[in-house]
Amino acid sequence: MASFKTMLAVGLAAATLVVFVVVIAMGGALRAGLAPWPGIGVAVLAIAAFAVSRERRSFVVAGLLAASGGVGVVYALIKTEFLTASSFPGPVFGIILGLPILGLAVAEAVGATRDRRSYK
């Protein structure tokens, strides 16, 4: 059975993905008049999910963080036409936020793999 901290980490990682997708669906943070708050919220949620799952890493958290980072990077690359028309501030924030979140996902997956190997 999953621990409370693991469930909390999964919830935080899922909230990260939901906030990213909702902001993109609204047309981006600048168009929605929300900048820079969604970006700050996404970063805080992703870091909190990673930190909460520190004792027992989870592939689910890693997958949700990877999806969040991937959504941000892909959205930014599409909106900036693969960085040929990048403007600051703007969709390039998807790359600025997405790449570190992808890094957290990789670190989470590596930690989960090491945890699984140490239990055998």
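A crude spin-label estimate for the pair residue 26 and residue 115, with each label 7 Å from Cα along the Cβ direction, gives 3.2 nm.
For the chain, a Gaussian network of Cα nodes joined below 10 Å ranks 36, 91, 100 by mean-square fluctuation, and the top entry is 36. Candidate values (1) 57, 27, 20; (2) 50, 24, 17; (3) 38, 34, 27 were compared with Cα extents along the principal axes in Å computed on the shown model; the agreeing label is (2).
GNM remark for the chain: springs join alpha carbons under 10 Å apart, and the peak mean-square fluctuation among 51, 67, 105 falls on 51. Basic side chains Lys and Arg get +1 at the Cβ, acidic Asp and Glu get -1 at the Cβ, and with that the dipole of the stretch 4-119 about its Cα centre reaches some 320 debye. Each stretch of four or more DSSP H residues adds -39500 (n - 2.57); spread over every residue of the chain, this sum gives -25500 deg cm²/dmol at 222 nm.
Coordinate-derived values only; no laboratory data. Since the model is a prediction, treat every value here as computed from it, not as a measurement. Note that each Cβ is placed from the backbone with ideal geometry, even for glycine, and that neighbours are counted across all protein chains shown.
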